[in-house]
Amino acid sequence: MMKRILAATAALAISASLASAQEVKVGVNLPYTGIGAEFAQLIDRGMELYLKLNADKVKPYSIKLIKRDAKNPAGNDSRVATQELLTQDNVDILAGWVYSPNAIASAPVVTAGKKLAVIMNAGTAHITNMSPYYVRTSFSMWHSGYPMGEAAAKQLGAKTAVVGYTDFPPGKDELAAFKRAFEGSGGKVIDEIPMGGAGAVPDFTPFFQRAKDKKPDVFFVFIPAGDHAAAVVKTYGALGMREAGIKLIGPGDITQDTKLQAMGDAAVGLITMHHYHADLDNAENKRFVAAWKKEYGANTTPDFMAIGGYDGMALIVHIVQQLKGKIDGDKAIAAAKTFKSNSPRGPFSIDPETRDIVMNAYLSEVVKGKDGKLSQKVLSTTPNVKDPCKALKVPPCG
Amino acid sequence: MIFTIENIASMVLGGVAAGMVLFIVSVGLSVTMGLMGFVNLAHGAFAMLGGYIIVLSMRHLGVGFIPALAIGFVMTAAVSIVFERVLYSRLYKAGELDQVLFTIGLAFVFIAALTVFIGPENQPLTLPPELRGQLDLGIVQYRTYSIFLIIVGVAIVIALWLGFERTRFGAQIRAAVDNRRMAESLGINIDRLFAITFGFGSGMAALGGGLGAEFLGLDPQYALKYLVFFLIVVAVGGAGSIVGVFCASLIIGVLDFVLKKYLPQGGTLFIYALTILLLLWRPQGLFGKPS
């Protein structure tokens, strides 16, 4: 009897260890409820679409997503979710993070947990310095802010700019990036307007009125995409700022694909700098967008958040294959540094020095087609941008 | 900072328009609080429900903006009367904590229900072309919709004031606010009065939810996001006073606009600080009667 129990236990233990070699548990930390819920859905769909389209690349392993709710941009709830994923769900890899404060708050837990953590959105530049286990597949604010500052001065010929930003870490980062490049190229930032927090969409009228009174050549706006974006473009149109000769520019958050059609004519002529939008003209992206519409409906569209989840999952699958399904935090980081792919956003790789992404930045303009639909036209491409914040060693990045 | 006429006019117009939205939403909250002594934290949820009905009926049924506002008012009022008869009326004699717990719970139910059935995303309001763009007022060009809101707000406050002060029903409400037991003993049907007033207040909130969607947006978090502002308006204006709510809305709307424009670093801090100071000075609000 005793022998049989022992044998059964041993068999169980073996089958359990076999199962863990086959199945990789990915803990997902996203705001499934609250103001970030639609962002969480986009990243989720990006991850799931990659797994569906690339089932043969995952074999013989399987990837199980375990989702926990980060709730809000405040940090605390996300930190708790990270902790629970590590200690209760025993995940092999962490992924997600829409909001920078959440990734910042989770950093010590990630470091202590010694598991690879893939950031799929949160863009404050220095986040990847906060834990040696962070790898980013989205962007740093400097990827858009810095090239935009140069382009505003050189290509758009702007002499003066007003910057309006949502008052939380990535907003301040974006402001710093734009200002450094714009003033380095001979322009002058004449006013900086903090426009409320990320937790709720404010009425932008007073802030935009202030910007309009300053009469700048360009008004550079950073907001955390989503409903903020729709409100920004609406207010810009309603206050007659275009007629006053002020160009609205920003990172692609102000022209998020999912919100673009609802913005109407007020969006025509907006100029953005970003690493992805659904209208990018390359074969990989055409396939991706078509697969997305087939899977989630013709009226839906992927956007820069979806691509963060999609490429993030591509990275995770690469690591799982490299490590043959046995995930160890340090080995996973080493494997991540060798990752290169041809993504819908263009060439994509992980910088081995910073664990941050290297990718193209596209300067685009919103145009209206004959069918009345809005789309984004690429004006110029800056190839293989490494996070300028770290390249230039700007504190706290350098 | 240079103050030009254009500068000042745009500030006043922007602030007053924001204040009008606050007024339209908050007036129902103030009356139910004054009349029934009931703290209805689900008021923002009724505003949200109305906003959704208005925006979605425009989008999916092709109804015009004005008819959609009417539909939103009527449907929200009807729904809220059902809630009042079935749920709220059981708690009129309960303690304040029970009322607060019940109504905040109801707000969460609304949030979850809209997230499940409609989705977490914002529902943009599509204004008719006549209300978009800019209007030339002679001294200043300003967004047409803000001016429309100001006209609507003024019309509503005049109509409400006349209804409150000059009609038999208004007199009954005022009597019940002043002394409920005396009003009851004079033969006023308090139950009926409560239900109608509650429905009317929720209908007004629905109008505010729809009219304000252009500025405040409309998503499932709406129910709690702006609740603090609605409560501040009622606290500053004094519960149960229409003129009080109107003045408080204008003061808060304009102050908030001006402070955000010139001191954006402070955010909403000033409004909260000013509210605290005012309530220390006059706990019953600007126009409320001391209890």
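So that you can scan it fast, the table gives a plain yes or no per residue for (1) under 20 Å from the mean Cα position of the chain (by Cα); (2) among the aliphatic types (A, V, I, L, M); (3) in a loop (DSSP other than H, G, I, E, B); (4) surrounded by fewer than 16 Cβ atoms within 10 Å (Cβ to Cβ):
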{"site": "A:Ala335", "(1), (2), (3), (4)": "no, yes, no, no"}
{"site": "A:Thr338", "(1), (2), (3), (4)": "no, no, yes, yes"}
{"site": "A:Pro347", "(1), (2), (3), (4)": "yes, no, no, yes"}
{"site": "A:Val358", "(1), (2), (3), (4)": "yes, yes, no, no"}
{"site": "A:Val367", "(1), (2), (3), (4)": "no, yes, no, yes"}
{"site": "A:Asp371", "(1), (2), (3), (4)": "no, no, yes, yes"}
{"site": "A:Gln376", "(1), (2), (3), (4)": "yes, no, no, no"}
{"site": "A:Ser380", "(1), (2), (3), (4)": "no, no, no, yes"}
{"site": "A:Asn384", "(1), (2), (3), (4)": "yes, no, no, yes"}
For region B:200-233, which residues satisfy the criterion of being assigned to a helix (DSSP H, G or I), touching an Asp or Glu at 6+ places or on another chain (Cβ under 8 Å) and either β-branched (Val, Ile, Thr) or buried (at least 24 other Cβ atoms within 10 Å of the Cβ) (or both)? B:Leu216
Which condition from (1) in a helix (DSSP H, G or I); (2) more than 22 Å from A:Phe168 (Cβ to Cβ); (3) touching a strand residue (DSSP E or B) at 6+ places or on another chain (Cβ under 8 Å) is the one that A:Val232 breaks? (2)
Just to be sure, is B:Leu255 outside any loop (DSSP other than H, G, I, E, B) and out of contact with any helix residue (DSSP H, G or I) (no Cβ under 8 Å at 6 or more places or on another chain)? no
Take the residues in region A:35-69 that are within 14 Å of chain B (Cβ to nearest Cβ) and either hydrophobic (A, V, I, L, M, F, W, C) or more than 18 Å from the chain's Cα centre (by Cα) (or both); name whichever of them is farthest from A:Asp89 (Cα to Cα). A:Ile35
Of all residues in region B:109-137, how many are surrounded by fewer than 16 Cβ atoms within 10 Å (Cβ to Cβ) and part of a helix (DSSP H, G or I)? 7
Any residue at all in region A:264-277 that is surrounded by 23 or more Cβ atoms within 10 Å (Cβ to Cβ), at pLDDT below 95, within 11 Å of another protein chain (Cβ to nearest Cβ) and over 23 Å from A:Ala158 (Cα atoms)? no
For B:Leu61, all conditions in the list (1) more than 14 Å from the chain's Cα centre (by Cα); (2) crowded, with 21+ Cβ neighbours inside 10 Å hold save one; what is the number of the exception? (2)
Please find, within region B:259-279, the residue that is surrounded by the most Cβ atoms within 10 Å (Cβ to Cβ) out of those that are among the polar types (S, T, N, Q) and at pLDDT below 85. B:Thr268
Count of residues meeting criterion [at positive phi and either under 24 Å from the mean Cα position of the chain (by Cα) or more than 10 Å from every other protein chain (Cβ to nearest Cβ) (or both)] in region A:215-249: 4
Under 8 Å by Cβ, and 6 or more places apart or on different chains, what pairs join a residue from region A:31-42 that is over 16 Å from A:Gly308 (Cβ atoms) with one that is at pLDDT 95 or above and β-branched (Val, Ile, Thr)? none
Take the conditions more than 13 Å from the chain's Cα centre (by Cα), crowded, with 24+ Cβ neighbours inside 10 Å and among the acidic types (Asp, Glu) and apply them to B:Glu184. Does it pass? no
A:Ile316: passes all of (1) modelled with pLDDT of 95 or more; (2) under 15 Å from A:Arg45 (Cα atoms) but (2)
Of all residues in region A:211-233, how many are without any contact (Cβ under 8 Å) to a residue 60 or more places away in the chain and closer than 17 Å to A:Lys188 by Cβ? 6
If you scan region A:285-311, which residues turn out to be β-branched (Val, Ile, Thr), more than 16 Å from A:Trp97 (Cα to Cα) and assigned to a helix (DSSP H, G or I)? A:Val289
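One line per residue, one yes/no per condition, for (1) among the β-branched types (Val, Ile, Thr); (2) in contact with an Asp or Glu (Cβ under 7 Å, 6 or more places away or on another chain); (3) not assigned by TED's automatic domain parsing to the domain that holds A:Gly269:
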{"site": "A:Lys172", "(1), (2), (3)": "no, no, no"}
{"site": "A:Lys179", "(1), (2), (3)": "no, no, no"}
{"site": "A:Val189", "(1), (2), (3)": "yes, yes, no"}
{"site": "A:Val233", "(1), (2), (3)": "yes, no, no"}
{"site": "A:Ala238", "(1), (2), (3)": "no, no, no"}
Suppose the filter is surrounded by fewer than 22 Cβ atoms within 10 Å (Cβ to Cβ), within 14 Å of chain A (Cβ to nearest Cβ) and at pLDDT 85 or above; does B:Val243 pass it? no
Counting only residues in region A:279-319 that are touching a helix residue (DSSP H, G or I) at 6+ places or on another chain (Cβ under 7 Å), surrounded by 23 or more Cβ atoms within 10 Å (Cβ to Cβ) and among the β-branched types (Val, Ile, Thr), the one farthest from A:Ala361 (Cα to Cα) is identified as A:Ile319
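The values are calculated or read from the model by the stated rules, or taken from the named source; none is laboratory data. The model shown is predicted, which means the values in this text are computed figures rather than measured ones. FYI the Cβ positions are ideal-geometry reconstructions off the backbone, even for glycines, and counts take in every protein chain you see.
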